[in-house]
Amino acid sequence: MSEKHQVDGARLAILSNRLEGIASKMGNTLLKTGRSGVINRAKDFSCCIVSSRCELIAAAESLPAHVLGAELITQSLLELHPVLRKGDAFLHNSPYHGNGHAADHTILVPVIDENGTHHFTVLAKAHLADIGNSIPTTYHAMAKDVYEEGALIFPAVQVQRDYEDIVDIIRMCEMRIRVPETWRGDYLATLGAARIGEREMLALAKEIGWEQLHRFTSDWLEYSASRMSQVISRLPAGNAEATSTHDAFPGTGENGVCIKSVVTIRPADGMIEVDLRDNPDSLPCGLNLTRATAWTAAMIGVFNSIDPTVPKNTGSCSRVKVHLREGCVAGIPVHPTSCSMATVNIADRVTNATQAAFSTLADGIGMAEVGAILPPAVGVVSGYDPRTRKSYVNQIILGASCGPGNPHTDGWQTLICSAAAGMPYHDSIEQDELYHPMRVYQRRYLPDTEGAGRNRGAFSIRVDFGPVGCEMEVGYASDGSANPPKGVRGGGTGGGASFWKIRVDGTTEALPPVMQAKLADGERIVSISCGGGGYGSPMERDLASVRRDVAAAMVSRERAASVYGVVCGADGTIDEKATAKLRSASRPG
Amino acid sequence: MKFRFATDTGGTFTDLVVEEIGGVLKMYKAATTPTDPVRGVLDALTLAARDRDLSLEQLLAAGELFVHGTTHAINAIVTGRTARTAFLTTEGHPDVLTIREGGRSQPFNYAVAYPEPYIPKALTFEIRERVGVSGEIVVPLDESFVVTALAKLAAGKVESIAVCYLWSIVNPAHELRTGELIEQHLPGVAYTLSHQINPSIREYRRASAAAIDASLKPLMGRYLHDLTSRIEGAGFKGRVLVLTSQGGMLDAQQLSRQPIHVINSGPSMSPIAGSYFAQREQITEDLIVTDTGGTTYDVSLVRNGVIPWTPETWIGPKFVGHMTGFPSVDVRSIGAGGGSISWVDEGGMLHVGPMSAGADPGPVCYGKGGKHPTFTDACLTLGYLDPALFLGGTQMLHRDLAVAAIERDVATPLKQTVQQAAASIFSVITENMVQAINEITINQGINPADAVLIGGGGAAGFNSVWIARRLGCRTVVFPGLSAALSAAGALISDLATEYRRAFYTRSDQFAFEEVRAVVEELLERCAQFKAGPGEHARKHSVSLSVEARYESQVWELEVPMPCGGISDSTQLAAFLDEFHALHKRVYAVEDRQSVVEMIGWIARVTCTLREDPVLARLEPASAMAGYASTRRAYFPDTGLEAAALLQFDAMAESAAHDGPAIVESAFTTTVIPRGSTFVKTREGNLVVTV
């Protein structure tokens, strides 16, 4: 490397880390001050720094589903509010104006110098516990349009002027959003995060100057684009497609929704294309994606399949072209199409289809299918708490494993879904029992539920819980029963989702996949999450890993022999001779 | 004559600082003996006795205090040599140590494997019992489950047991009864009850703390007992204290009952020592405190004079390591030091570390059978070290062996001269160290160029000035005691411990009576500590704080509380004001309309043993006759140069010198390149202007 490059490299490293540090500080504020579980435990939020030209520059490490959509939302801010002033703040959750879905309330704060010049925009986006939907959940799978969904929609509505609240907006929200104190606390947390970002950016500019910051911005995006293009140049050229099918839900028809992703890799041009246009039209339910989430879901599939060290910003994303169609379930929705669940479900299917398509191109790239969500153990609980004499609505994250086998490792055991990528915390049982009048009776991984493979998928997790001393509603919308996570390159299918109710007398009752389940005092709901698909043939799995799973009683000896071709004695030791024989017999030819 | 001894057992060397009360300080180093670390301690003490023409017994008999830092516990965890430990958990919840608290870093990087539980599933037993959120018994303890599990454990040769049941912090009856059953059925087997070791809400943290603690008990119990009895057997009649991860010290016997607190013993002292020396030099900038040992490079950042603190300590990386569940002094460590081994991989890339030649066999130049060239071998080859003077002349170095090893393993595959190859080793390890510092500075948005670098540790002198140049730091301070930084810190540290109680209350229904009882209990325990371990201390202090948050937040802020507790509504209002203000300061917003919840109550007690807050001066060695005035050495940037050669002890104070130069003392060699200047200060430290 030449001397000049080294100097640039050092500056790039310092400033990019510095900006990421600012975004992390914003994120830390949201995590630590947020009131609803979906923020302070599930970390369902993001914090980004965007240039005045709407380029994503830096983001706090957070849910993949969030980070990549920052460009569209700032574009709509500038279109709707061409003149920005210092001290302004905007509330934005409109799925028709670049936001992910209505449950994500975004606060946008323009970073403006003393001369009134707009240099950057910082944004803090958080999934809220309630947004005023017609039922107490932010995931309204059955809503046939935005009216039935019922959410208040804010297309970049100004909420602060001169650093003071525009109280009309606050009052509206307090009248139309359940548990208004929680909403207010979450609003303050999001606003606080954005203001911290603004404060830190102004301080950084004071230290090194706006000019230097802008020069860094363009260098950084250029560097990121060139890194991405180099990574793509090492991939095999080709064209591949794969599908991933979402279970039947109300509004989808009885076969569910089959999502197709067509991936084209052009190493010579350093470009990847993902085409989602050949997919069904928008559906009369809450599953439709938005422009931001369809694009993001495809990008997650791409980034999951390649070298993870490429920075994720407008520069690297410019090397990927995602083709979307208006009026498509995985495309651009037209108002009043409901997009209540646009960050999960169908989005996860887009990601699955995209990374599965990659995996067909060569060994060592792509991933198996990630398990689908939202089973009851990551659903929304609501009710009246007799202990505090207050109502509550909150998303819990008690158990969803879902991690896919991939070229490098076994499935992550707390991944939750592609969109979350394991970033959320899983709830402590004691915390949940303290917060809500409930008890968690058991929480355990289930043996033999992994998608077998050279690298196996995660095991399903079972959680039994229910109310104590009162009633409780559990809202969930669970994909993954009819379509459990498939393996790739010879890997097996992982365990599917299931759920039922246990009545007080011990009898059970089957439950449908989309439900506001009502539980009486002492009743329990059982939630079994998906596992993850396997990567590569289980007959190639290394012996030590099979032995470890057998010793932990997570893979039975029968399954070790029949699926992995590994013969284990009762004491856990491997019979190498018998194993070699079994494995060679399974080899074709 | 009365002495205080402070020892720090590292991966390679065992450092000893002897302070003669009312006299001077002296520093010694002996090789660490990994199979028997106490021998290294006794070897170092023997050196000190010989130096004073005393027998070991005479020296020890004059000792009033022996402070010890040790990496024994962390080494055992990292190398998997902890006890075979079982885990007893509430029925229905066998995966507490696997599920943990979820969370992941690098969302697109699937190359990081999901971590294995600290205790394997095969040694996990579900026990029928359940306590509810208010302490009510939901399912009584079925003792037959415990008895059956214990019978299996006896057959499976389990050495220790961790017990963590849900809500044991509210009602510990089931954990306590299980403890009794263990004593009855498996007498002599160590165990840890989660509510006793870490009484905090969130079952994973408590379970993890119990598991780590239990797994260390047999080993650390033996080790600390062995240490105490052998020192006492050799004539010591004073007090044996051990350094904790929280940067304080506790009696060895007490720590053998809760060995989890010894994990970061030793390294936790470096920011304390670094901060002390910077204060003595009247340095007000932020400090990057480094400690280069034989095996590891420890770094920490002292901002605004505050010792860095991490609220949840991880052994290994966050989310994939293991959480101790306790706060501790925040010191990061990478595998880089004097003993770091270098090699060239198949692709032709040079690596240095993280493996270390340790003390045995040590670097090639020790001539003790080391085969792989190390950082020390590179420095010897470059001409920085005097083969006859290493470690005060106690370890003769063989330059020819070092040169041959570098030639074979590095120079030949890289097609470089031996000197170039040695310089390459030097540059690669320097870069590794720079990256470790970037992690704690740039990655936190702090510009290292604004900080002062403190070069601690025996091998700091070789490349700390280069590290500072890469970071843009203008000043490096090499404390006179740098070769034994943690041991020096140990001499100025205090006896300290903390007590915690989990108790939930809220500002709109504040439970004054119960809080009074909680505070009284905590203060009583502090009083017992003051009267017990702290009996002969010069000074005591107790501080109270509360973990508080707004309603339905889940992450708390620790807010100081007045020493009398919160006994009326005026005091409550004042406390709440403090909470709102702190929340605003940290998070830019406050919410005075919101209820404030309080969940954890903490009392910290500190007992200062020293009378004089200032350490004695390091005794200078007498100047050596016939000392050369220059040495030819190879510098990575400028090649061969005639460097000025100075004896640190003979240098005049406050006189400025220019690089290139090599400054030697008994345990350190400091290399200063062309373009930098340096001075020995009145405080006895070497300060380099980069």
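Throughout, read-outs are computed from the coordinates displayed, never taken from laboratory work. Source: prediction; values computed, not measured. A quick note on method: Cβ atoms are made from the backbone with ideal geometry, for glycine too, and the neighbour counts reach across all protein chains shown.
Kindly work out what percent of the DSSP beta bridges joining two residues of chain B are antiparallel, to the nearest 5.
Percent antiparallel among DSSP bridges in chain B is about 70.
Sum up the charges of everything whose Cβ sits under 11 Å from the Cβ of A:Gly383, counting Lys and Arg as +1 and Asp and Glu as -1, but leave A:Gly383 out.
On the way: positive: A:Lys390, A:Lys518; negative: A:Asp385, A:Glu471, A:Glu473, A:Asp521.
Summing Lys/Arg as +1 and Asp/Glu as -1 gives -2.
Evaluate 2.2 N^0.38 Å with N set to the residue count of segment A:367-538, then give the Cα radius of gyration divided by it.
Rounded to two decimals, the normalised Rg is 1.05.
Let me check I've understood the local charge: for B:Ala616, count other residues with C-beta under 13 angstrom from its C-beta, Lys and Arg +1, Asp and Glu -1. What total comes out?
Numbers: positive: B:Lys2, B:Arg4, B:Lys26, B:Arg280, B:Arg610, B:Arg617; negative: B:Glu19, B:Glu20, B:Glu611, B:Asp612, B:Glu619, B:Glu683.
Its environment carries a net charge of 0.
Can you tell me the FRET efficiency between B:Gln184 and B:Lys371 if r is taken as the Cβ-Cβ distance and R0 is 45 Å, rounded to the nearest 0.05?
0.25
Could you work out how much longer the chain between B:Val306 and B:Arg408 gets when fully extended? Use 0.36 nm per residue separation minus the Cα distance between them, nm to one decimal.
32.0 nm
Can you sort A:Ile461, A:Ile135, A:Ile272 from fewest to most other Cβ atoms within 10 Å of each residue's own Cβ?
With the sparsest Cβ surroundings first, the list reads A:Ile135, A:Ile272, A:Ile461.
Grab the Cα-Cα distance for B:Ser569 and B:His225, subtract it from 0.36 nm times how many residues apart they are, and report the gain in nm with one decimal.
Residue separation times 0.36 nm, minus the Cα-Cα distance, leaves 118.9 nm.
Run the simple label-point estimate for A:Ala268 and B:Asp53 please: 7 Å along Cα→C-beta, distance reported in nm.
Each label point is offset 7 Å from its Cα along the Cβ direction, giving 8.8 nm.
Relative to the compact globular guide of 2.2 N^0.38 Å, what is the alpha carbon radius of gyration of segment A:310-378, as a ratio?
Rounded to two decimals, the normalised Rg is 1.35.
To test your reading of the geometry: what angle, between 0 and 90 degrees and rounded to tens, separates the Cα axis of helix B:418-440 from the longest principal axis of chain B?
30 degrees
Please label the shape of segment A:3-224 as rounded, prolate or oblate, based on the square roots a ≥ b ≥ c of the eigenvalues of the alpha-carbon gyration tensor (a/c under 1.5 means rounded; beyond that, a/b larger than b/c means prolate, else oblate).
It comes out prolate by the Cα gyration axes.
Quick check: the distance between the Cα centres of segment B:649-665 and segment B:400-476, to the nearest angstrom?
Value for the Cα centre distance between the two parts: 22 Å.
Label B:Ala621 and B:Thr417 with points 7 Å out from Cα along Cα→Cβ: what is the distance between them in nm?
Taking the two extended label points, one gets 3.1 nm.
Given the -39500 (n - 2.57) contribution per DSSP H run of 4+ residues, what per-residue ellipticity at 222 nm results for the protein assembly as shown, rounded to the nearest 500 deg cm²/dmol?
Value at 222 nm, helices only, nearest 500: -9500 deg cm²/dmol.
Rounded, prolate or oblate: which fits chain B when a ≥ b ≥ c are the square roots of the eigenvalues of the alpha-carbon gyration tensor, with rounded for a/c under 1.5 and prolate only if a/b beats b/c?
The shape class here is prolate.
Taking the Cβ-Cβ separation of A:Tyr147 and A:Trp500 as r and a Förster radius of 30 Å, what is the calculated FRET efficiency to the nearest 0.05?
On the way: r = 33 Å, r/R0 = 1.09.
Efficiency, rounded to the nearest 0.05: 0.35.
Using 0.36 nm per residue, how much length does the chain from B:Ser541 to B:Glu524 gain when fully extended, once their Cα-Cα distance is taken away?
Taking 0.36 nm per residue and subtracting the Cα distance, the gain is 4.8 nm.
Counting DSSP beta bridges in the protein assembly as shown, what percent are antiparallel, to the nearest 5?
80 percent
Decide, for segment B:87-197, between rounded, prolate and oblate: order the square roots of the alpha carbon gyration tensor eigenvalues as a ≥ b ≥ c, take rounded if a/c falls under 1.5, and otherwise choose prolate if a/b is larger than b/c, else oblate.
oblate
Distance cut-off 26 Å, Cα to Cα: go down the list B:Lys371/B:Lys680; B:Lys26/B:Lys217; B:Lys121/B:Lys318; B:Lys217/B:Lys368; B:Lys29/B:Lys237; A:Lys43/A:Lys312 and report the pairs above it.
In this structure, B:Lys371/B:Lys680; B:Lys26/B:Lys217; B:Lys217/B:Lys368 lie more than 26 Å apart at Cα.
Nearest-5 percent of antiparallel DSSP beta bridges in segment B:76-225?
15 percent
Which whole-number percent gives the relative contact order of chain B, counting Cα pairs below 8 Å spaced six or more residues apart? Numbers along the way, then the final one.
On the way: 1518 pairs, mean separation 83.7, N = 690.
Relative CO of chain B lands at 12 percent.
Taking 8 Å as the Cα distance limit and 6 or more residues as the minimum spacing, I'd like the relative contact order of chain A as a percentage.
Worked out over chain A, it gives 12 percent.
Work out the FRET efficiency for A:Thr360 and A:Glu222 from their Cβ-Cβ distance, taking R0 = 25 Å, and round it to the nearest 0.05.
On the way: r = 32 Å, r/R0 = 1.29.
That gives a FRET efficiency of 0.20.
When we measure straight from the Cα of A:Lys501, which lysines land under 24 angstrom away, once same-chain ones fewer than 8 places off are left out?
Within the straight-line limit of under 24 Å, A:Lys501 reaches these lysines: A:Lys518.
Around B:Leu609, which amide H atoms from residues at least 5 apart in sequence, or from another chain, sit under 5 Å from its own amide H, with H modelled in the peptide plane?
Those lying under 5 Å, H to H, from B:Leu609 are B:Leu495, B:Arg538.
Compute the helix-to-body angle for B:569-587: its Cα long axis versus the longest principal axis of chain B, expressed 0 to 90° and rounded to tens.
50 degrees
Using label points projected 7 Å from each Cα along Cα→Cβ, tell me how many nm separate A:Ser233 and A:Val83, to one decimal.
Between A:Ser233 and A:Val83, the label points sit 4.8 nm apart.
Starting from segment A:75-167, pick out the GluC sites (Glu not before Pro) whose DSSP state is loop and whose Cβ has at most 12 other Cβ atoms within 10 Å.
Within segment A:75-167, the qualifying GluC sites (Glu not before Pro) (loop, at most 12 other Cβ atoms within 10 Å) are A:Glu114.
For a label point 7 angstrom out from the Cα of A:Tyr384 toward its Cβ, which stretches of segment A:430-446 have the backbone nitrogen within less than 19 Å?
Residues passing the 19 Å test: A:436-438.
In a shell of Cβ-Cβ distance under 12 Å around B:Ile197, excluding B:Ile197 itself, what net charge do Lys and Arg (+1) and Asp and Glu (-1) give?
+3
Once you keep just the Cα pairs under 8 angstrom separated by 6 or more residues, what percentage relative contact order results for segment A:3-224? Don't skip to the end; give the middle numbers.
Numbers: 398 pairs, mean separation 52.0, N = 222.
Relative contact order of segment A:3-224: 23 percent.
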